[in-house]
């Protein structure tokens with residue numbers, strides 16, 4: 001199956017989702033996918049927090065594009081079995097799933113996708129969180145937000161902000177943040193004006209703490225435009241087997257990342273047979289490895305996950321593609 005076949009019907013589903021009220025004073029619109037019905041001003045949204053287990057490193061595992069219910073139950077069972085193996089082998093401080101957790105809602109299966117993912121991640125027993133992808137359709141998105149927020153071990157914080165949120169990593173004292181994860185809901189159209197405004201707000205929150213330059217990683221589902229436009233032999237490392245689907249991104253996101261100063265790496269998903277990194281100055285742009293056996297592309301690129309380690313002293317980010325048998329590709 002190729003990507004064009006895989007995406008059949010997505011545009012029609014987006015149009016059927018209804019119109020969105022334009023936010024006051026801006027042309028930016030909240031996302032269709034993952035839209036909250038309970039919202040708060042940014043200043044009132046609680047920031048989720050986790051502690052480091054090591055004063056030197058913070059480790060996480062990124063899984064992406066699970067696509068529950070798109071093919072067979074056996075494929076879904078294999079996907080969740082693999083995720084358990086990644087966590088058991090690599091012992092992350094955080095497990096993060098960056099979108100397309102299930103495959104649309106054509107037969108009302110969206111809530112069952114939420115329910116199964118929560119149950120599987122809860123029993124793994126490490127802190128975890130999720131992002132919304134273009135296929136994560138629900139009739140009631142707030143119910144999905146609330147389920148993710150209240151689940152055991154979850155640090156999901158997007159219930160009042162349409163899926164855009166920030167997670168602070170606190171040091172050994174449990175109080176002073178030593179790094180931040182910024183999570184953006186790229187909707188079904190990519191990183192557009194709404195996500196740009198959300199990113200500006202969260203960058204401002206981090207800088208307002210006034211505790212030094214900090215370290216950070218940005219996660220989103222649909223890739224940035226620069227993964228397409230900044231390709232060259234000096235910056236590229238990995239495998240590119242399909243076009244970059246950056247969609248609505250007009251190049252406004254990456255300059256904000258560069259100007260922020262503390263964001264050292266960005267990780268996305270969406271294109272299942274791309275797994276590469278671009279080192280662009282002090283920031284790296286990275287594809288996660290597609291994880292779900294129900295998603296397209298497994299016959300071309302082996303399903304896996306991304307292991308990410310942050311040096312809490314220097315802020316340097318290292319990443320590698322990992323597999324359930326414990327092997328890895330640097």
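The values are calculated or read from the model by the stated rules, or taken from the named source; none is laboratory data. These numbers come from a predicted model, not from an experiment. Counting neighbours? That spans all protein chains shown, and the Cβs are built from the backbone with ideal geometry, glycine included.
Taking the criterion of being at pLDDT below 55 and within 26 Å of residue 243 (Cβ to Cβ), the only residue of the stretch 17-58 that qualifies is 17.
Here residue 148 meets the list (1) touching a helix residue (DSSP H, G or I) at 6+ places or on another chain (Cβ under 8 Å); (2) surrounded by 22 or more Cβ atoms within 10 Å (Cβ to Cβ); (3) not in a helix (DSSP H, G or I) almost entirely, failing just condition (3). Within the stretch 154-178, the set of residues being buried (at least 17 other Cβ atoms within 10 Å of the Cβ), assigned to a loop (DSSP other than H, G, I, E, B) and touching a strand residue (DSSP E or B) at 6+ places or on another chain (Cβ under 8 Å) comprises 155, 156, 157, 158, 163, 164. Screening 221, 293 for residues that are in contact (Cβ under 8 Å) with a residue 24 or more places away in the chain, outside any strand (DSSP E or B) and in contact with a strand residue (DSSP E or B) (Cβ under 6 Å, 6 or more places away or on another chain) leaves exactly one candidate, 221. Restricted to the stretch 97-116, and to residues there that are touching a strand residue (DSSP E or B) at 6+ places or on another chain (Cβ under 7 Å) and either assigned to a helix (DSSP H, G or I) or without any contact (Cβ under 8 Å) to a residue 24 or more places away in the chain (or both), the residue that is farthest from residue 137 (Cα to Cα) is 116. The set of residues in the stretch 179-201 being touching a helix residue (DSSP H, G or I) at 6+ places or on another chain (Cβ under 8 Å) and assigned to a helix (DSSP H, G or I) consists of 195, 196, 199, 200, 201.
Residues in the stretch 224-235 that are in a loop (DSSP other than H, G, I, E, B) and free of Cβ contacts under 8 Å to residues at least 60 places away in the same chain were compared, and the one that is nearest to the chain's Cα centre (by Cα) is 225.
To keep it simple, each residue is scored yes or no on (1) part of a strand (DSSP E or B); (2) within 13 Å of residue 63 (Cα to Cα).
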site	(1), (2)
237	yes, no
254	no, no
259	no, no
270	no, yes
279	yes, no
297	no, no
302	no, no
320	yes, yes
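Tallying residues that are surrounded by fewer than 19 Cβ atoms within 10 Å (Cβ to Cβ) and under 18 Å from the mean Cα position of the chain (by Cα) within the stretch 88-98 yields 0.
Scoring residue 209 on the criteria (1) without any contact (Cβ under 8 Å) to a residue 40 or more places away in the chain; (2) within 26 Å of residue 102 (Cα to Cα) leaves a single failure, condition (2).
Working only within the stretch 296-317, note down all residues that are surrounded by fewer than 20 Cβ atoms within 10 Å (Cβ to Cβ), closer than 29 Å to residue 75 by Cβ and in contact with a strand residue (DSSP E or B) (Cβ under 7 Å, 6 or more places away or on another chain). Hit for the stretch 296-317 is 301, nothing else. Considering the stretch 205-218 alone, what residues qualify as being part of a loop (DSSP other than H, G, I, E, B) and out of contact with any strand residue (DSSP E or B) (no Cβ under 6 Å at 6 or more places or on another chain)? If the condition is that a residue be part of a loop (DSSP other than H, G, I, E, B) and out of contact with any strand residue (DSSP E or B) (no Cβ under 6 Å at 6 or more places or on another chain), then 209, 210, 211, 212, 213, 214 are the ones that fit. Residues in the stretch 305-318 that are free of Cβ contacts under 8 Å to residues at least 40 places away in the same chain and either in a loop (DSSP other than H, G, I, E, B) or in contact with a helix residue (DSSP H, G or I) (Cβ under 7 Å, 6 or more places away or on another chain) (or both): 314 only. So the check is Cβ under 8 Å with 6+ separation or different chains; which pairs have a first residue in the stretch 147-173 that's touching a residue at least 60 places away in the same chain (Cβ under 8 Å) and on the phi > 0 side of the Ramachandran plot and a second one that's surrounded by fewer than 24 Cβ atoms within 10 Å (Cβ to Cβ) and part of a loop (DSSP other than H, G, I, E, B)? Within 8 Å, the pairs are 162/30; 162/35; 162/36; 162/39; 163/36.
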